[in-house]
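J.: Got a structure for you, questions after.
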Amino acid sequence: MTVATKVRPIIGLEIHVQLRTRTKLFCGCEVQTDAPPNSRVCGICLGHPGTLPVMNRVALESAALAGMALGCEIARFTKWDRKSYYYPDLPKNYQISQYDIPLAAGGTFEFDVDGSPREIRIRRAHLEEDAGKNIHDTPGCTLVDLNRTGTPLLEIVTEPDLASADDTYAFCVELQRLVRHLGVSEADMQKGHMRFEPNVNVAIEHNGREYRTPIAEVKNINSFKFVRQAISYEIERQVAVWEENNDYVIGKASNENRGWDADRGVTEFQRGKEAAHDYRYFPDPDLLPVQLSDETLGSIRAQLVERPVQRRRRFASEYGLSMKDAETIVEHRPTADLFDEVIKLGGPAEIAGKQFVNVWLKHANDRGVAVTELGVEAARIAELAKMTAEGTVNKTAANQLADAMLTRSNCPSALAKELGLVQVQDADATARWVDEAFAANQQAVSDARTNPKKMQAAIGFLRGQVMKLSGGKADPKLVGKLIEERLQQP
Amino acid sequence: MTTRNLDIETVRHVAHLARLRISDEEAALYAAQLSKIVAYVDQLNEVDTSNVEPTAHPLPLMNVWREDNPTPSWTPQQALQNAPQSQNNFFRVPKVLDQESP
Ligand SMILES: [Zn+2]
């Protein structure tokens, strides 16, 4: 047995993303996940003789838009091909796909792993139709629901540029953010809108030679967590097999398809690639080719929005947000749009960012709605941030104001006056509250002056008492300063 | 004219890919028949196409598409009326083994 000392994982992915359209790729049947079995089917998606498919324009444009956002070149001319496939979930006995001229090719895509930038090349992205569902729970037979048959999918194929399970995880999550930001997919993992097939092998350096294990393709994973687990498992498995047998390398052992068993946390051998299907692609005579003019491509390109990765980085560098807050805000495009608007309307970036996450997003989460659905407009959010930054209201009062703003449409400055929340900057008034608090809490005063162990707690207590006497309106900074001064006096 | 013979092994391979079970006699028969068909189509190789653009479709048409508007689907009863077997509005087929996604 040899011990592998230097191991470099080589990981690429095929991803199927369900595009967000109302109807299927080649017929007018509605795309609906939870419809009763075989109630969203017609002669076209059932592959009945004499029917002809007609392409869905929105699916094509969404796929082109996603291709552009992935940095790909969009083909000016593309066509449809038949991929032979013999399972009852695609009753035509072929899948309509794109073989030699994919809609999009040759892109790069950026993402971040714990704040450091990464890049992956995109080999191609093409449109194809989904298969239906085979249900195997009944003994002795298979039941088939063809509602999903013909649903538009974007298949994205990356180059093997990823070097770890964590990087792959981050890439998959970023891809979900991208397609959601573009609005081309709901990318709901629960509904199977994104399915991943990582291909994994490792380069092992040993005695000045490099050994590469055969490539394992792990089929059909539908969660980010499982992608990470399956890759980690594969890396360990392949290294272990190679350590037992140094002939476990490309050329001597065959590539293989494996399946992820989530219950046992292992991948299982399905078949060697030598037995892989010969798909016998050929151009689909039922469908006409597609030519995309400059004008069409231009109008699709006009729908491109700032990619979430760039937006996050901008929020951090321009607005001074922490990467974590930037990530939280950019997770949802309307939320990020609202925040941009808040800044544009003069919200001071740092305070506005903190308040946005800690106050407004929290309210939204508590209510189970998006922050854009709270009924609080960008202008009022910006004004509250400004009032907080300028010291017109303190933090506690700002929170109370936010509560009021949720139920009333007044501007925060009017509400602050009405509710008596405007911060008192008057030093004399504040000094009187300090005197009162000192008189009423002799023990704390003495601790703060003479007991080093209790000093901090006592000062904090006195500060709280002063704030209470002020009805929450005192400026905490001024209070702190006056308490310090008062403690120095005998 | 060039001729190409399809051997019995190729016929078996293609039959397997298409999930068709064929007898030895059928394999021999189809090998001979398919060889003739391939030879017939092979006549096209006599044409010099070195200066001809590849054709994606015989019709001089492009960009036929429809808007993303739903049209009525069939009812499950209509969808299943020609199915040899069905169960609870599903198509019922012999047990599928070794399932693979396309
Ligand atoms: Zn249909």
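A quick yes/no check of all residues on (1) out of contact with any strand residue (DSSP E or B) (no Cβ under 6 Å at 6 or more places or on another chain); (2) within 11 Å of another protein chain (Cβ to nearest Cβ); (3) within 16 Å of the ligand (Cβ to nearest atom):
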residue	(1), (2), (3)
A:R8	no, no, no
A:K24	yes, yes, yes
A:Q32	yes, yes, yes
A:V54	no, yes, yes
A:A63	no, no, no
A:M68	yes, no, no
A:G71	no, no, no
A:A104	no, no, no
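J.: Then there is this: All but one of (1) farther than 20 Å from A:D130 by Cα; (2) within 14 Å of chain A (Cβ to nearest Cβ) hold for B:T71; state the number of the condition that does not hold.
T.: Of (1) farther than 20 Å from A:D130 by Cα; (2) within 14 Å of chain A (Cβ to nearest Cβ), only one is false for B:T71: (1).
J.: Being surrounded by fewer than 19 Cβ atoms within 10 Å (Cβ to Cβ) and part of a helix (DSSP H, G or I) is the filter here; which residues of segment A:407-437 pass it?
T.: A:T407, A:S413, A:A414, A:K417, A:E418, A:A427, A:D428, A:A429, A:A431, A:R432, A:D435, A:E436
J.: Working only within segment A:136-150, note down all residues that are at the interface with chain B (Cβ under 7 Å from one of its Cβ atoms) and either part of a strand (DSSP E or B) or among the β-branched types (V, I, T) (or both).
T.: A:C141, A:T142, A:L143, A:V144, A:D145
J.: Is at least one residue of segment A:249-257 farther than 17 Å from A:A165 by Cα, among the charged types (D, E, K, R) and either in the same structural domain as A:V17 (by TED's automatic domain parsing) or within 35 Å of the chain's Cα centre (by Cα) (or both)? Step through it out loud before you land on a result.
T.: Step one: of segment A:249-257, the residues farther than 17 Å from A:A165 by Cα are A:249-257.
With the extra rule that they be among the charged types (D, E, K, R), the set shrinks to A:252, A:256.
Subset that is either in the same structural domain as A:V17 (by TED's automatic domain parsing) or within 35 Å of the chain's Cα centre (by Cα) (or both): A:252, A:256.
Checking segment A:249-257: at least one residue is farther than 17 Å from A:A165 by Cα, among the charged types (D, E, K, R) and either in the same structural domain as A:V17 (by TED's automatic domain parsing) or within 35 Å of the chain's Cα centre (by Cα) (or both).
J.: Okay, next question. Taking only segment A:34-43 into account, find how many residues are within 8 Å of the ligand (Cβ to nearest atom) and facing chain B (nearest Cβ under 7 Å).
T.: Step one: filter segment A:34-43 for residues within 8 Å of the ligand (Cβ to nearest atom), giving A:40-43.
Those left that are additionally facing chain B (nearest Cβ under 7 Å): A:40-42.
Qualifying residue count for the region: 3.
J.: Identify the single condition in (1) touching a Cys at 6+ places or on another chain (Cβ under 8 Å); (2) over 23 Å from B:A18 (Cα atoms) that A:L70 does not satisfy, given that it satisfies every other one.
T.: (1)
Residue-wise test of (1) touching a Cys at 6+ places or on another chain (Cβ under 8 Å); (2) free of Cβ contacts under 8 Å to residues at least 60 places away in the same chain; (3) more than 22 Å from A:V424 (Cβ to Cβ).
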residue: A:Q443; (1), (2), (3): no, yes, yes
residue: A:T450; (1), (2), (3): no, yes, yes
residue: A:M455; (1), (2), (3): no, yes, yes
residue: A:L462; (1), (2), (3): no, yes, no
residue: A:V466; (1), (2), (3): no, yes, no
residue: A:K473; (1), (2), (3): no, no, no
residue: A:P476; (1), (2), (3): no, no, no
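J.: If you don't mind, there's one more thing I want to ask. Of all residues being touching a residue at least 40 places away in the same chain (Cβ under 8 Å) and away from the ligand (no atom under 12 Å from the Cβ) in segment A:132-142, which is surrounded by the fewest Cβ atoms within 10 Å (Cβ to Cβ)? Just the residue, please. First the steps, then the outcome.
T.: To start, the set of residues in segment A:132-142 that are touching a residue at least 40 places away in the same chain (Cβ under 8 Å) comprises A:132-134, A:142.
Adding the requirement that they be away from the ligand (no atom under 12 Å from the Cβ) leaves A:133-134, A:142.
Working: A:K133: 16, A:N134: 18, A:T142: 21.
For segment A:132-142, the residue satisfying everything is A:K133.
J.: Right, here's the next one. If we scan segment A:194-202, do we find a residue that is within 30 Å of A:V241 (Cβ to Cβ) and at pLDDT below 95?
T.: No, that holds for no residue.
For (1) modelled with pLDDT under 95; (2) within 14 Å of chain B (Cβ to nearest Cβ); (3) in contact with a Leu (Cβ under 8 Å, 6 or more places away or on another chain); (4) not in a loop (DSSP other than H, G, I, E, B), each residue gets a yes or a no:
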| position | (1), (2), (3), (4) |
| --- | --- |
| A:H277 | yes, yes, yes, no |
| A:P285 | yes, yes, no, no |
| A:L297 | no, yes, no, yes |
| A:L304 | no, no, yes, no |
| A:Q310 | no, no, no, yes |
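J.: Same structure again: May I ask you to verify whether B:P58 is within 16 Å of the ligand (Cβ to nearest atom), within 11 Å of chain A (Cβ to nearest Cβ), closer than 27 Å to A:L25 by Cα and of a type outside the set (D, E)?
T.: Numbers: within 16 Å of the ligand (Cβ to nearest atom): no; within 11 Å of chain A (Cβ to nearest Cβ): yes; closer than 27 Å to A:L25 by Cα: yes; of a type outside the set (D, E): yes.
For B:P58, the condition - within 16 Å of the ligand (Cβ to nearest atom), within 11 Å of chain A (Cβ to nearest Cβ), closer than 27 Å to A:L25 by Cα and of a type outside the set (D, E) - is not met.
J.: Of the residues A:L146, A:L182, which single one is more than 16 Å from the ligand (Cβ to nearest atom) and over 24 Å from A:I11 (Cβ atoms)? Can you show your working first?
T.: Numbers: A:L146 fails: more than 16 Å from the ligand (Cβ to nearest atom).
Only one candidate qualifies: A:L182.
J.: A further question follows. Give me a count of the residues in segment A:151-184 that are of a type outside the set (A, V, I, L, M, F, W, C) and either in contact with a His (Cβ under 6 Å, 6 or more places away or on another chain) or outside any loop (DSSP other than H, G, I, E, B) (or both).
T.: Going through segment A:151-184, the residues of a type outside the set (A, V, I, L, M, F, W, C) turn out to be A:151-152, A:155, A:158-161, A:164, A:166-169, A:174, A:176-177, A:180-181, A:183.
Now narrow it down to the ones that are either in contact with a His (Cβ under 6 Å, 6 or more places away or on another chain) or outside any loop (DSSP other than H, G, I, E, B) (or both): A:152, A:155, A:158, A:166-169, A:174, A:176-177, A:180-181.
Counting residues in segment A:151-184 that are of a type outside the set (A, V, I, L, M, F, W, C) and either in contact with a His (Cβ under 6 Å, 6 or more places away or on another chain) or outside any loop (DSSP other than H, G, I, E, B) (or both) gives 12.
J.: Testing A:L46 on (1) within 11 Å of the ligand (Cβ to nearest atom); (2) out of contact with any helix residue (DSSP H, G or I) (no Cβ under 6 Å at 6 or more places or on another chain); (3) in contact (Cβ under 8 Å) with a residue 24 or more places away in the chain; (4) more than 7 Å from every other protein chain (Cβ to nearest Cβ), one condition comes back false. Which one is that?
T.: Of everything listed in (1) within 11 Å of the ligand (Cβ to nearest atom); (2) out of contact with any helix residue (DSSP H, G or I) (no Cβ under 6 Å at 6 or more places or on another chain); (3) in contact (Cβ under 8 Å) with a residue 24 or more places away in the chain; (4) more than 7 Å from every other protein chain (Cβ to nearest Cβ), A:L46 misses just condition (4).
J.: Okay, moving on. With the condition kept exactly as written, say whether any residue in segment B:7-19 is within 11 Å of chain A (Cβ to nearest Cβ), in a loop (DSSP other than H, G, I, E, B) and surrounded by fewer than 13 Cβ atoms within 10 Å (Cβ to Cβ).
T.: There is at least one residue in segment B:7-19 that is within 11 Å of chain A (Cβ to nearest Cβ), in a loop (DSSP other than H, G, I, E, B) and surrounded by fewer than 13 Cβ atoms within 10 Å (Cβ to Cβ).
J.: Let me ask something else. I need a count of the residues in segment B:61-80 that are within 16 Å of the ligand (Cβ to nearest atom) and either in contact with a Leu (Cβ under 9 Å, 6 or more places away or on another chain) or part of a loop (DSSP other than H, G, I, E, B) (or both).
T.: The total comes to 11.
J.: Does segment A:12-19 contain any residue that is within 12 Å of chain B (Cβ to nearest Cβ), away from the ligand (no atom under 15 Å from the Cβ), buried (at least 23 other Cβ atoms within 10 Å of the Cβ) and farther than 30 Å from A:V241 by Cβ? Quick ask: steps written out before the conclusion?
T.: Filtering segment A:12-19 down to residues within 12 Å of chain B (Cβ to nearest Cβ) leaves A:14, A:16, A:19.
With away from the ligand (no atom under 15 Å from the Cβ) added as a condition, the list becomes A:14, A:16, A:19.
With buried (at least 23 other Cβ atoms within 10 Å of the Cβ) added as a condition, the list becomes A:19.
The next check asks that each one be farther than 30 Å from A:V241 by Cβ; those that pass are A:19.
Checked segment A:12-19: at least one residue is within 12 Å of chain B (Cβ to nearest Cβ), away from the ligand (no atom under 15 Å from the Cβ), buried (at least 23 other Cβ atoms within 10 Å of the Cβ) and farther than 30 Å from A:V241 by Cβ.
The values are calculated or read from the model by the stated rules, or taken from the named source; none is laboratory data. What you see is a predicted model; the values in this text were computed from it and never measured. Neighbour counts run over all protein chains shown; Cβ positions are idealised from the backbone, glycine included.
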